[in-house]
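The values are calculated or read from the model by the stated rules, or taken from the named source; none is laboratory data. Since this is a predicted model, take the numbers as computed values, not measurements. Glycine also receives a Cβ, built like all others from the backbone with ideal geometry; neighbour counts cover every protein chain displayed. Accessible surface areas use protein heavy atoms only, side chains included; no ligands, DNA or RNA. Shrake-Rupley method; radii C 1.70, N 1.55, O 1.52, S 1.80 Å.
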Amino acid sequence: MNMSRRFGQAFLLLMVFMVLFPLLWTLLNAFKQNVDILTRAPKFIFTPVLDNMIFVLSRQSVLQALVNSLIICLVSVVVGVVLGLPAAYAIARYPNRITDELQFFVLSLRFLPPVAVAIPLMVIWLNLGLYDTRLAMIVTYSLLTISITIWLSVPGFQQVPKEIEEAARVDGCGVYAVFFRIALPVAARTLLGAVAFSFVLIWNEFLIALMLTTSDARTLPIVASEMSQLGMDVPWGILNAAVILLSIPPLLLLGLLSSFMNSVFSRKKK
Amino acid sequence: MFRQKSLPYVFLVPTILILMILAFVPLGYAINLSFRNMTLFRPDSSYVGFENFVNLWSDRRFLNALWVSAKWQVITVTATMLAAVFLGVLMFETLSPRQRNIMCLIFLVPVLLPRVCAAFVWRFAFHPLYGIFTYPYRAITGEPLEILSNPNLALWAVAYVDLWQWGFFFAVIIVKLLEALPHQPIEAARLDHARTWEIHAYITLPMLRAQLVALTLIKAIESLRSFDLIYVMTRGGPGISTETLDMYAFSQGFIEAGRISYASSMAVIMLLLTIIIFTIIWKRVRA
């Protein structure tokens, strides 16, 4: 028994290595010159240089894409919150056939192949003269943020004990006051996680951004992917640096997302 | 009284209306496009009936893309679920709760990475001459190891990256689900000298059946969004060996020919297939 336990632990440590090593290697490569990357044997000892990071961060296209990404993500996440949270609350508090169907409708939006949305939207935005604008991206992404916010927030609202809400009602709160003053704060931790998920989803989105932008409204993932086409050789160091920089925002939310998963999945214990 | 009853309507109607507009306008437009002969370079177009759809069935690349997509779905969903259940049970059995929490945090990292980043990380790793993943092979044989340029291996390599992102993530979910199960049945089985694998095969996993089915469905839905990985790692190549439906629709509509209508008809077929298949499965699972 103890033997097999040790063996299992060793295997899991190997898995941790599988997760982290490629990322650490990318991080190292981001600080290497090309001569140190293009070697027959992997080089662990080298003189670190900041050239790659500086090159990436000083490019006009990267800065513009960063601004685009931030504006597009934040606005569409806010739209998702404003429209999605109340809808999720209504679905959680009034379980009946209609809200059941609506919940399924929201979920089924996730079944849509992105290509099936992106191709017609490209033509629509071209016709409206809005192609390659932040506004078009925000409107398009709102479909994603609203539906994912609803989907992930319903369990959060279901966890709010009915007794608290009823007590507030007895004290003279209206239904709207109950939502804003009781349900939202009580469920806040779970809801925050849901919102963080919708941010990560939009920050990472690639296909729609690739089809709906060409220059002005390009987001960071698009600009990062285009770096592999700079000049003749693939600039490995620069690409590694771009990968690291692009990955930082989602990883900053790691703690929040992990506690979201804990609160969603541990509810049965109570 | 009206104020008290109005909440579900006020909270739901505007949101659902906006969602419907955002979803159905593009879809209706896609269906409209699929019956025309529009290209990016010729703005005027006319209706051609089912011509695009008829042409699709004699298009070898489309049939190939259907086949690649089907393979992709089966490989990634199966691999993710098997790995996640195995790792989840292993973590549950061999680690203390504290160790488990730390490992869960680490296992969440790959899925949070933008898929573009994950794809680049592994594209370097798979590089035939300088990749870290191919280094052991090079060191032993002295030959470069071609992975992404090998038509037989490329799809597996990309699927491996998908597994790297999703398998660990689902393992975390399965650990959390196992932790939330009541302890009594497990302990009762332990007292009866059931083996560890028997406990999970006959008690815990059957108890989690509904959740496992839901996870499988979610993975199947997310596997449809493989475009970024394939686009960065292989662009559908070598040849057309990793060209999935969305990749082919993209290259028909945007890169090669600008055949917007033709690409739309493919998108419409994908749409019908996914909506019909997933709605049937989802409804049946919930019933």
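If R0 is taken as 41 Å, the Cβ-Cβ distance between B:ILE106 and A:VAL49 corresponds to a FRET efficiency of 0.90.
For segment A:56-269, the per residue solvent-accessible surface stands at 39 Å², with DNA, RNA and ligands left out and a 1.4 Å probe. Reducing segment A:66-112 and segment A:192-242 to their Cα centroids gives an inter-centroid distance of 24 Å.
Work out how much length B:GLU146 to B:ILE276 would gain on full extension: take 0.36 nm times their residue separation and subtract the Cα-Cα distance, in nm to one decimal.
Details: separation 130, 0.36 × 130 = 46.80 nm, distance 3.90 nm.
Here the answer is 42.9 nm.
Interface between chains A and B: roughly 8600 Å² of accessible area buried, both sides summed (probe 1.4 Å, protein heavy atoms only).
For A:CYS173, the solvent-accessible surface with a 1.4 Å probe is about 30 Å², rounded to the nearest 10. Which residues among segment A:17-50 fall inside the zone where the amide N is under 13 Å from a point 7 Å beyond the Cα of A:LEU251, along Cα→Cβ? Taking a point 7 Å out along Cα→Cβ of A:LEU251, the residues of segment A:17-50 whose backbone N falls under 13 Å are A:19-31.
Per residue, chain A reaches -23500 deg cm²/dmol at 222 nm when only DSSP H runs of four or more residues are counted, each adding -39500 (n - 2.57).
Applying a threshold of 24 Å to the alpha-carbon distances of B:LYS71/B:LYS176; B:LYS71/B:LYS219; B:LYS5/B:LYS283 flags B:LYS71/B:LYS176; B:LYS5/B:LYS283 as lying beyond it. Averaged over the residues of peptide B:232-244, the number of Cβ atoms from other protein chains lying within 10 Å of each residue's Cβ is 0.
Once the Cα atoms are used to define both axes, helix A:60-93 deviates from the longest principal axis of chain A by about 20 degrees.
If you sort the three axes of the alpha carbon gyration tensor as a ≥ b ≥ c, you get a/c of 1.5 or more for chain B and a/b no higher than b/c, which makes it oblate.
Using the Cβ-Cβ distance between B:PHE41 and A:ASN127 with R0 set to 22 Å, the FRET efficiency works out to roughly 0.85. Label separation (B:ASN32 vs A:LEU135): 2.0 nm, computed from points 7 Å beyond Cα along the C-beta direction.
Heavy-atom accessible surface of B:TYR29, to the nearest 10 Å², is about 60 Å², with a 1.4 Å probe and all protein chains retained. A compact globular protein would have a Cα radius of gyration near 2.2 N^0.38 Å; the ratio found for chain A is 1.25. Computed from the C-beta positions of B:GLU187 and A:VAL67, the FRET efficiency with R₀ = 51 Å rounds to 0.35. Averaged per residue, segment B:35-286 has 44 square angstrom of accessible surface, using a 1.4 angstrom probe with ligands and nucleic acids left out.
Residues of segment B:203-247 with an amide N closer than 18 Å to a point placed 7 Å from the Cα of A:ARG59 along the Cα-to-Cβ direction: B:232-233.
Overall form of segment B:130-270: oblate. Here a/c, set by the Cα gyration tensor axes a ≥ b ≥ c, is 1.5 or more, and a/b is not larger than b/c. With helices as the sole contributors, chain B gives -23000 deg cm²/dmol at 222 nm; each DSSP H run of n ≥ 4 counts as -39500 (n - 2.57), and the sum is divided by every residue.
Amide H contacts for B:ARG36 (H built 1.01 Å from N in the peptide plane; partners 5 or more residues away or on another chain; cut-off under 5 Å): B:VAL48. Here the protein assembly as shown has 68 percent of its accessible surface on carbon and sulfur atoms, given a 1.4 Å probe and all protein chains in place.
Could you give the DSSP H helices of chain B that reach 24 angstrom or more along their long axis (alpha carbon positions) and whose average Kyte-Doolittle hydropathy is no lower than 1.6? Could you put the intermediate results ahead of the total?
On the way: long enough: B:7-34 (41 Å, 1.98); B:60-94 (50 Å, 1.04); B:154-180 (39 Å, 1.47); B:260-286 (38 Å, 1.58).
Once both thresholds are applied, what remains is B:7-34.
Calculated on C-alpha atoms, the gyration radius of segment A:26-83 divided by its Kirkwood radius gives an Rg/Rh of 1.26.
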